[in-house]
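Novice: Sharing a structure with you now.
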Amino acid sequence: MSRLTSKLFVISGPSGAGKGTLVARVRKELPGLGLTVSATTRSPRPGEVDGVNYHFLTVEDFERRVAAGEFVEWANVFGNCYGTLVSEVESKLAAGTSLILEIDVQGALQVKERFPEAVLIFIKPPSDEVLRERLIGRGTETPEVVEVRLATAQRELAFADRYDEVLINDDLDEATTELVRIIKKHERN
């Protein structure tokens, strides 16, 4: 009988590839799959609780923790810092919980350096045209922002060959089934 081991799964890919939707669906299929609580320097929004929604840190505390190597990955996004604490990952893995992180390509490569056993899964759109349609279909970005996201997507797609698994999200149900299969396969190894 194969033994399941806790694993760290990292999901990334271009904006519009469907990462968030896939992660939410997979977590319903695999409810034992854990998430980490990210740290941020932004202020809490109404209803957010420290340690539940985020670890809310001052800029100084965040910078101190970066310097001390306490983050698996981190980035400055629109003036606020966000990151995944090593302690969050290690405590859940030590407790036997597999984790899934949805982060950008640069963050994924940082995770792989710190946790070489992490399984990197790249989510690709079926084509550039479909990606464009998805981004426009959101109705949340200006045409200029869509073009920036498409250019960023091309740079990110160039990193797909550095991932352990590549999944094309053409049909959401099929992609969900395939992502569940990939996760179960790696938990058995």
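Novice: Checking the structure you have, find out if any residue of segment 7-14 is in a strand (DSSP E or B), farther than 20 Å from V111 by Cα and either at pLDDT below 95 or not basic (K, R) (or both).
Specialist: no
Novice: Here's a follow-up. Return the residues of segment 149-161 that are part of a helix (DSSP H, G or I) and either surrounded by 13 or more Cβ atoms within 10 Å (Cβ to Cβ) or not assigned by TED's automatic domain parsing to the domain that holds P14 (or both); say none if nothing qualifies.
Specialist: Listed by number, the residues that qualify are R149, L150, T152, A153, E156, L157, A160.
Novice: Among the listed residues E178, E187, which satisfies the condition of being modelled with pLDDT of 95 or more and either surrounded by 14 or more Cβ atoms within 10 Å (Cβ to Cβ) or of a type in the set (S, T, Y) (or both)?
Specialist: E178
Novice: Considering only residues that are under 17 Å from A175 (Cα atoms), among the aliphatic types (A, V, I, L, M) and in contact with a helix residue (DSSP H, G or I) (Cβ under 8 Å, 6 or more places away or on another chain), which ones fall in segment 120-152?
Specialist: Residues satisfying the conditions are L120, I121, I123, L131.
Novice: Can you tell me which residues in segment 162-189 are acidic (D, E), in a helix (DSSP H, G or I) and touching a strand residue (DSSP E or B) at 6+ places or on another chain (Cβ under 8 Å)?
Specialist: So the first thing to find is which residues in segment 162-189 are acidic (D, E), and the list is 164-165, 170-171, 173-174, 178, 187.
Now drop any that are not in a helix (DSSP H, G or I), which leaves 173-174, 178, 187.
The one that is acidic (D, E), in a helix (DSSP H, G or I) and touching a strand residue (DSSP E or B) at 6+ places or on another chain (Cβ under 8 Å): E178.
Novice: Within segment 147-170, track down each residue that is farther than 12 Å from P14 by Cα and either of a type in the set (K, R) or over 20 Å from the mean Cα position of the chain (by Cα) (or both).
Specialist: Result: E147, R162.
Novice: What are the pairs, 6+ residues apart or on separate chains, where a residue within segment 50-74 that is under 15 Å from L35 (Cα atoms) has its Cβ under 8 Å from a residue that is of a type in the set (S, T, Y)?
Specialist: Sorted first by the residue in segment 50-74, then by its partner, the pairs are Y54/S38; Y54/T40; H55/S38; H55/T40; V72/T84; E73/T84.
The values are calculated or read from the model by the stated rules, or taken from the named source; none is laboratory data. Owing to the predicted nature of the structure, the values given are computational and were not obtained by experimental measurement. Using ideal geometry, Cβ is built from the backbone for each residue, glycine included, and neighbour counts are taken over all protein chains shown.
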